[in-house]
Each structure stands twice: as structure tokens, then as C-alpha cells.
1. Can you name the helices (runs of 4 or more DSSP H) wholly within the stretch 262-341 that have at least 2 residues being under 30 Å from residue 173 (Cβ atoms)?
2. From 132, 124, grab the single residue that is at pLDDT 95 or above and either farther than 20 Å from residue 87 by Cα or surrounded by fewer than 23 Cβ atoms within 10 Å (Cβ to Cβ) (or both).
3. Only one residue in 493, 507 is within 26 Å of residue 475 (Cβ to Cβ), at pLDDT 90 or above and either over 28 Å from the mean Cα position of the chain (by Cα) or not in a loop (DSSP other than H, G, I, E, B) (or both). Which one?
4. Being touching a helix residue (DSSP H, G or I) at 6+ places or on another chain (Cβ under 8 Å), more than 23 Å from residue 181 (Cβ to Cβ) and surrounded by fewer than 17 Cβ atoms within 10 Å (Cβ to Cβ) is true for just one of 82, 3, 75, 22. Which residue is that?
5. Tell me which residues, restricted to the stretch 622-660, are closer than 27 Å to residue 562 by Cβ and in contact with a helix residue (DSSP H, G or I) (Cβ under 8 Å, 6 or more places away or on another chain).
6. Do we find that residue 344 is buried (at least 21 other Cβ atoms within 10 Å of the Cβ), over 27 Å from residue 383 (Cα atoms) and in the same structural domain as residue 233 (by the TED database) in this structure?
7. Could you say which residue among 373, 364, 347 is under 22 Å from residue 440 (Cα atoms) and assigned to a strand (DSSP E or B)?
8. Whether any residue in the stretch 372-389 is at negative phi, assigned by the TED database to the domain that holds residue 325 and exposed (fewer than 14 other Cβ atoms within 10 Å of the Cβ) is what I want to check.
């Protein structure tokens, strides 16, 4: 958009709204309703730009020239451009700008070009060749709308069957059958973003009716411990859920292909689920009657009875559908391209065991299955859900009855932004939405526009609403406040400018004197208040501590809620002489029996941090600093606690002082008791 300050889309062109799903897809022009009217993406080594109406090729010559330059690729000196004869009006202008232009009747007439410019109606016959051209590093500029095609083909799916989408859809840009509202649009310095763009890209009623033929329930009986799956993509949808709304079976449209995920591989082998798996394989196959490849570690028997031609095989060329588990990382990129280009993927497996076996590792980022699924709008979680028999939902059920992450997030953002009414059943889903938003942010996919769009919407929500100033006298009880309280700390951790967000989170944040370059020789974590609260009435945030793996000699750590700093060693580890340097922190009152002198204490107890620590022979007390500032004789308090702890030790026939000190932590609310 270099050199372009405004796009005046008002005029005779009625564009299609674009649906973006690819990891690398991003909008170029977005109207005030959040509809994307121009977008760009990359696929393998190539790039593509899509305009929502072919008339824009003539209306915006500077944009076309910029697009063709970008499509050549970084550092490329190839000035050859192929222009389809249906849009040959752009050829003269490009020629005047120094490009070597050839006008062709079809892509195949001159493939020795770096960039191909076409309308969206002339590519279906060359779709496979154009996708190969993209994969080889070529650039495609495509323009056109699909709403008129959809009017002529009312029973067909424009996102999959409209000719232009056979090319641009592979890169995660879909031309929809929705008419975009044309406006005069300013061009921002960054890719445009809006909470209103958090739409669900299609109606999944037809998909669900196909999948549910002859199916009345899902069988997760017999001790099946399945994971939950987060459904977060614009073209992703839940298929099977528990009574409390947790999803164990989900689908997605990705590129030109389709995906189904079930969160335990054992369910793939259940005879009671055979009718559904037959439907699923046919849905994934899309009428090709091709080969279904079943990986060696996936159940085979029930799938082989589906009426499809099933073969036990690893991933290979020539498959129509591939069935596998999420535990290995072989062929991930090949499988992703296979689905994007029209293949079907059925994946069965959970993430909870993998996560439990690797404490501290982020399953959303590092679990092999999620390296594939995240971009497809689905993510396997370490959270588990109840087994049993679960009823099949009713296709076409009103939106108020069902939960979809993006749909409810958009409604809630509208509620916060301009007071839009929430639907009848929305409020009961708000706490779930908050938990899903927190989980989604753990993906940390800052190189993906779809992730940044959600992060931007959540930042907007927090800045517009603020965060409840929870305390003993002002508990959090409403679902909306629960959501905002859970969002605040996570958005603070992940947003690009946390300092700008802080005043919206903490209203009364008094300045405190800090110490710099202070060496400490004690055990790190921020805050010892580790109780995770799940109460309906909250007097503090559910989680107020933070841990950071020490993975470099210098690192930045922080916690929205503050807290004392600890160095945490692994179990059964002896730490002697460990030294860290805290470059900047607020000093806290600290007393240690036998070490801190009366003169030291007279100064230490005035330290400004809100939490203090008193370490005695067998016990450590963490209390509000206000309590200890008037404590003149901590040695007498230490002696009292030593007598009490000696009595406890004598009663238990245990050594004194204790080899592992007890810890008492004062808290405004605890998880149990």
C-alpha cells in the first residue's frame, strides 16, 4: 500500500467480502463493518493478492503496480508479467512502469513469467497449474466477486466450488458469496484490524446434516479420557460436545480441504461410531471416491467398513483422505499442503498425556498435532472431559443455543464497544469464553494475523471495560467480571505495549522506589500465592503468580499482580551459592532469624513492597507489609514460633529445626477450606 493514503471504493463495483483462514493471510482493505475487501497471503514459496472485484484492477493502478512488485518476491529482478486477456487493461500501465508484459488467453500459454494477473473467473481450468506456480515461488494477482456466481448456483458452496477459490483458497484467502459494503477507506500504516472482523465464515448446517445422517449419539464410554479441543478458526466448527459444552469432536475447512479431529484415537475403532465414521470419510473425500490412507498406529477395522477404499499406509501421494494420530511430527508440512490443496484429514488423539509427561511445556506450541492443527483453526488441549454417551446436536440450532468462540467473542466485543445486547444464552457462556481466550493467547502466534486480530479485539475489550478492581470488599461475582478478570493478566502478558494497557488494569498503582543491580543469594517465581481459585465469588484474580523457565543468562520477568521473587529449584536438588542479579525491583521487608540484626530490621521493615516475609527456624510467614512495619521485636516473634514448631515436632517425633521449612501465606481467599 506504499504511497496510497485512501481507497475510494464507492462506485459501481459491488465487491465480495473475503474470508481469511491461512496462517500467512492478512487484509489490505477493511471496511467499517470489519469486512475484508482486499487481502494478501503467501503459500510455500509464492505470494498472492486478492481483490474483491475485478473492477479494482482498473480503479487502483498504483495498488496494482505495488502488488505486482511485491508478488515478484524479495530481491527478485524478474519483471515478466502475464496478464489474462479479460483484464488486459492493466497491461499498458504495467508496461509503462517497466514490467515486461504478455497478454494471454490462459495461464498455460506463457508460464515463463514471475507474476500472473487475472480475474477470478478464468482460473478454474488452470487451477492445479497455478497452485504449482505459487509453490514454485510465483506470484498471482486475482480479482473478482463470487456473490453473482452463488446466485446462479444456489445449492453449491462458493468457498469450495467457485473457480477463483480453487487457487486463492489454497493460500487461505476465500472469496465469499457475501456482498461487501463499499466505502471510502483510509489506508493505515499496518494491516487493518477490527473486532468486527471476528466472523464465522460460513453456515455449517449443511456439513452437519451430512455428518449426522443416521447418527443419534457419540459413544465415549468405557473409560475413554479424551482431551478438549479449542475451535477457534473462521471456518472451524464443533461437531460433538459434552453436556457442559466442551468439544471432543470438531471439523474445519482449510484451504480447499477438510479436517475432522476426535480427541481420543480409541473412538476411531468403536463399532457404535461406525455410521458417523462412514459419513466423515465421505465428507472428507468430497465425492472423489479416492483412497483412504490409514496410518499404522490408527485403528483400521471400523474405517475399512465405511464403503471407502481404505489402505494401511503412511502418508504418501495419491491419497484422498489420510487418517492418523497427532503424536508424531513426520510429514507435517506435506500433510498441511495436502489438506490445503483439497485433501481430507481425519486425526484422532489427545494431548493430555503428552502435556502431563512434559510439565512446563506449552502444548499449544510444542505438541506435534498442534503444529499442524493450529493453522487449521483447531487446537488440542491438555484439559480433559467426561466420557459417556453424548447426544448429537441439532443442525441449524439457533446461535443462542450453541457456543462458538469467534461468534461469542464478536458479540461480547460489540456489547462492550457500543452496548449491543447479548443473546439470551450468552451470559452463561461468558466464563467459558474467558477461559478459551486465555488458552488461545497461549498460542503466542504473533506472526499470524488471525492471532493478532483476536489479541487486538481482547485488548480493545480490556481498554474499553477496564478490569474489575477485585478485593475483599469488592468481590467479583458476575460472569462478565469473571471474564474480564481472567483476560486482563493474559492480555497484559501478550499485547505489544503492556505499559499502555496497565492503567486500564490497575486503577490505583502508586509509584514505588526501586532498587537496581541488587545481588541476591536466595531461592525464582513471582509471588507465592499459588492457589488457583474457581469460586463463583472472587476476592482476587484466579491466578496471581507467574513462573518463567530460566533459559538464558539475562531475562525479563514480570507479573501484573506483583509479588515476591523466588528462585525455584527442581525437587531433590541442592542449591549452594546460586547467585542472580535483579536489575530492577521494589524492595520488600524481609527478616531472617539469626541473620537480620535489629539495626537491619529498623530499615528493612520500611521497604515499600506490599508483601513481607519473616523466616524463622522452621517456618516462613508471608504477610502484608503493613502488619510488620510496626513490629519492633521480630526476634521475640521468632522465639514464639520456634517454641510452637518445636512442640509440633516433638508431637510428631520429627527433627527440629525442620529439614524443610513450613510456609504460611496470608491470602484474601483460598481455593478450599
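1. 274-285, 332-340
2. None of the others qualify; the one that does is 132.
3. Exactly one of 493, 507 is within 26 Å of residue 475 (Cβ to Cβ), at pLDDT 90 or above and either over 28 Å from the mean Cα position of the chain (by Cα) or not in a loop (DSSP other than H, G, I, E, B) (or both), namely 493.
4. Numbers: 82 fails: surrounded by fewer than 17 Cβ atoms within 10 Å (Cβ to Cβ); 75 fails: touching a helix residue (DSSP H, G or I) at 6+ places or on another chain (Cβ under 8 Å); 22 fails: surrounded by fewer than 17 Cβ atoms within 10 Å (Cβ to Cβ).
Among 82, 3, 75, 22, only 3 is touching a helix residue (DSSP H, G or I) at 6+ places or on another chain (Cβ under 8 Å), more than 23 Å from residue 181 (Cβ to Cβ) and surrounded by fewer than 17 Cβ atoms within 10 Å (Cβ to Cβ).
5. Listed by number, the residues that qualify are 628, 631, 634.
6. No; evaluated as a whole, the condition is false for this residue.
7. Details: 373 fails: assigned to a strand (DSSP E or B); 364 fails: assigned to a strand (DSSP E or B).
Only one candidate passes the filter, namely 347.
8. Within the stretch 372-389, one or more residues are at negative phi, assigned by the TED database to the domain that holds residue 325 and exposed (fewer than 14 other Cβ atoms within 10 Å of the Cβ).
The values are calculated or read from the model by the stated rules, or taken from the named source; none is laboratory data. Source: prediction; values computed, not measured. Every residue, glycine as well, gets a Cβ built from its backbone with ideal geometry; the counts of neighbours run over all protein chains shown.
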